Amino acid sequence: MAKVSPGQFIAQVRAETAKVVWPSRKETVATAIMVVIMTSLLAIFFFGVDAAFSTAVRKLLSFLG
């Protein structure tokens, strides 16, 4: 790998940063809303699975004594 001077490195970083396409506000808001929705759905799902397993374990333990 070729060594570059700090000045060349900074120039390359600026050139690569100029190529970045940032999402619009609309895209960012839509993505954030989808993340909140999916996180909520997963939280509800895992709560239900946890409650079901908890109930099953309590029932099984009640048979033991």
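In table form, for the structure just shown:
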| item | result |
| --- | --- |
| Residue match in the range 24-44 (condition: in a helix (DSSP H, G or I), surrounded by fewer than 10 Cβ atoms within 10 Å (Cβ to Cβ) and of a type in the set (Asp, Glu)) | no |
| Filter result for PHE9 (without any contact (Cβ under 8 Å) to a residue 60 or more places away in the chain, in a helix (DSSP H, G or I), of a type in the set (Phe, Trp, Tyr) and surrounded by 10 or more Cβ atoms within 10 Å (Cβ to Cβ)) | yes |
| First in the range 20-48 and of a type in the set (A, V, I, L, M, F, W, C), second anywhere and surrounded by 10 or more Cβ atoms within 10 Å (Cβ to Cβ), Cβ under 9 Å, 6 or more apart | TRP22/THR28 |
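Laboratory data are not the source of any read-out in this text; all were calculated from the coordinates shown. Everything numeric here is computed off the predicted structure, so don't read it as measured data. Backbone-built Cβ (ideal geometry, glycine too); neighbour counts: all protein chains shown.
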